[in-house]
Amino acid sequence: MADSEDDAPDEFQDLFSSPDRDFLINNNGDQVKVDTLKTKKLGLYFSASWCPPCQRFTTALVEVYNEIAPNGDFEVVFVSADENDEAFTDYFSHMPWLAIPFSDSEARHRLDELFEVEGIPNLVLLDETGEVVTDGGVDIIREYGVEGYPFTLEKIQELKDREEEAKRNQSLTSLLVSPSRDFVISSDGNEIPVSELEGKMVGLYFSSSSYERCAEFTSNLVEFYEKLKADGESFEIVLIPLEEEEEAFKKGFENMPWLSLPFEDKNCGKLIRYFELLTVPSLVIIDENGKTLHSNVVDAVEEHGAIAYPFTPEKFAELSEIEKAKAESQTLESLLVSRDHDFVIGKDGDKVPVSELVGKNIILYFSAGWCAACHAFLPKLIEAYNEIKAKEEEFEVIFISSDHDQASFEEFFGVMPWLAIPYGDPRKSYLSRKFRVYEIPMAVAVGANGHTITREARFLIASHGAQNYPFTEERIKEVQEEEDEAAKGWPEKLNHEKHKHEIVLTVRMIYYCDVCDDEGRKWSYCCQNCDFDMHPRCALMADHHQ
């Protein structure tokens, strides 16, 4: 922005003022002259009360601001995207900084355009001269908090270098101890010095008890933990709580037999970043020397229980052989029969013995009526099912429900032409763990011999319908070769009513079609300027392209 410090006053006036306004406001309505901002570092905070991520980030920004504000050299200016003055006033009342008056919509719109704001929350950081330091202030505050101040690129690089140094010299103390805390807590409120964990193998358990997937895994982890304790193993677990509400944390932690960081401890966020956490639940294993042994052993604990301990490379090689042997011996009965649960049900509720399905190609369809993506995929699966059944009788789909009650299950199952596992059947939990079903819909193809063919049948059906049946690698390769041959006759470029620019036939690894929302692989009609993709089948539909 500004070319020199001498230009700063005019730059700030132009930036924050209007012809009839030379002030900003604080949350009690008082006016603050724009020229009081000169020589200060600034954060332009684009946000709105209707945006849940904004609400969560505002809390973090308030905490950082309150620590920095006494220095007198940093200010935040709120640029609202609220829809009315009442919503703005209520939201701004929780902010300790300044704002562009809501009534000055022209100024707010001008700032949106000037800083090319495409999404919120957005925090643009400016230096004392008005120069943009970064438009990634949200990530900086989330990752570094007050430690990132004064938010210069040099400071952020210094922190990153410090983190790299910490990784090289990692210890249990460097991971769990903070300047204000050298202990973890037990569920009964006792403070346990981190030093007492030194020399033990420790699992850092990233979890939120309000998340169903975490709640399911916690029950398995309790069994695993208590078995190791009974065997006298020197092992401990420390919960890294991810709850947003303290009551949810307390309710979840009271049933856990291990230790935890305190609720909302600052180290929780640091550890998420430090271990580059991608999924929850995650169980990071720290060895007896304080070094990271494994980044996530959730799957190993679910599949093998206490046998997976102590998570060494040698142990994982052993587990790999066990899994290979299980896969080779897998049958439909081993998947679907559990004690007296040896049947699935038809549309009328009649029991169909699993033995009658042996020798058929099966799709295990994990889905639920409350899931919008499941509703979107269901018509494609029904179409593929009917097409396959018309040619191949030895094929079946089995619905495995994640619905919340019997009535919801029956309503959703009612529109399906295939079989199902009864609602609430314990086999559902086993199959979800077995096939690592982390999101729905998911379709697992099982061959006539009972062996798993692929966990990606959903994407194969979404992209090519019944063409990929029976979903083997050989058939998928054939379909791809057929499509590659067909592509030779497709136009290299075309115009389509669904997009304003010319789209070009392009090879893309994986994408989502902006017309039908289905995943696509390899061939796409793409506008790279707009990051726009269309499946060839969508792009080449008659009457829609020129």
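Within the stretch 52-72, how many residues are touching a residue at least 40 places away in the same chain (Cβ under 8 Å), more than 17 Å from Gly136 (Cα to Cα) and open to solvent by 10 Å² or more (accessible area, probe 1.4 Å)?
Within the stretch 52-72, the subset touching a residue at least 40 places away in the same chain (Cβ under 8 Å) is 53-54, 56-58, 60-61, 63-64, 67-68.
Going one step further and asking which of them are more than 17 Å from Gly136 (Cα to Cα), we end up with 63, 67-68.
Keeping just the survivors that are open to solvent by 10 Å² or more (accessible area, probe 1.4 Å) gives 63, 67.
Going through the stretch 52-72 one residue at a time, the tally reaches 2.
Scanning the stretch 406-434 for residues being touching a Lys or Arg at 6+ places or on another chain (Cβ under 8 Å) and either open to solvent by 80 Å² or more (accessible area, probe 1.4 Å) or at pLDDT below 90 (or both) gives a total of 0.
Is at least one residue of the stretch 446-460 modelled with pLDDT of 85 or more, assigned to a loop (DSSP other than H, G, I, E, B), at positive phi and among the hydrophobic types (A, V, I, L, M, F, W, C)? Checking the stretch 446-460: not a single residue is modelled with pLDDT of 85 or more, assigned to a loop (DSSP other than H, G, I, E, B), at positive phi and among the hydrophobic types (A, V, I, L, M, F, W, C).
From the list Cys530, Cys538, which one is open to solvent by less than 60 Å² (accessible area, probe 1.4 Å), in a helix (DSSP H, G or I) and either farther than 25 Å from Leu381 by Cα or touching a Cys at 6+ places or on another chain (Cβ under 6 Å) (or both)? Let's see the steps before the verdict.
Numbers: Cys530 fails: in a helix (DSSP H, G or I).
Residue meeting the stated conditions: Cys538.
Report, ordered by the first and then the second residue, all pairs with beta carbons closer than 7 Å, sequence separation of six or more or different chains, a first member in the stretch 480-507 that is within 14 Å of Ser524 (Cβ to Cβ), and a second member that is of a type in the set (Asp, Glu) and surrounded by fewer than 14 Cβ atoms within 10 Å (Cβ to Cβ). So the pair list comes out as Lys493/Glu502; Val504/Glu492; Leu505/Glu492.
Report whether or not Ile156 is touching a residue at least 24 places away in the same chain (Cβ under 8 Å) and either under 28 Å from the mean Cα position of the chain (by Cα) or not in a loop (DSSP other than H, G, I, E, B) (or both). Let's see the steps before the verdict.
Working: touching a residue at least 24 places away in the same chain (Cβ under 8 Å): no; either under 28 Å from the mean Cα position of the chain (by Cα) or not in a loop (DSSP other than H, G, I, E, B) (or both): yes.
So Ile156 does not fit the description; no.
For Arg142, the conditions (1) under 30 Å from Lys251 (Cα atoms); (2) at pLDDT 85 or above; (3) among the basic types (Lys, Arg) all hold with the exception of (2). Residues in the stretch 485-513 that are outside any strand (DSSP E or B) and out of contact with any Gly (no Cβ under 8 Å at 6 or more places or on another chain): Glu485, Ala486, Ala487, Lys488, Gly489, Trp490, Pro491, Glu492, Glu497, Lys498.
If you filter the stretch 378-405 down to residues that are buried (at least 17 other Cβ atoms within 10 Å of the Cβ), more than 20 Å from Gly359 (Cβ to Cβ) and among the aliphatic types (A, V, I, L, M), you find that the one that is farthest from the chain's Cα centre (by Cα) is Ala384. Being open to solvent by 40 Å² or more (accessible area, probe 1.4 Å) and closer than 24 Å to Glu246 by Cβ is true for just one of Ser174, Ser180, Ser105, Ser186. Which residue is that? On inspection, the qualifying residue turns out to be Ser180.
The values are calculated or read from the model by the stated rules, or taken from the named source; none is laboratory data. Given the structure is predicted, the values throughout are model-derived calculations rather than measurements. FYI the Cβ positions are ideal-geometry reconstructions off the backbone, even for glycines, and counts take in every protein chain you see. Calculation scope for accessible area: heavy atoms of the full protein, side chains included, ligands and nucleic acids excluded. Shrake-Rupley method; radii C 1.70, N 1.55, O 1.52, S 1.80 Å.
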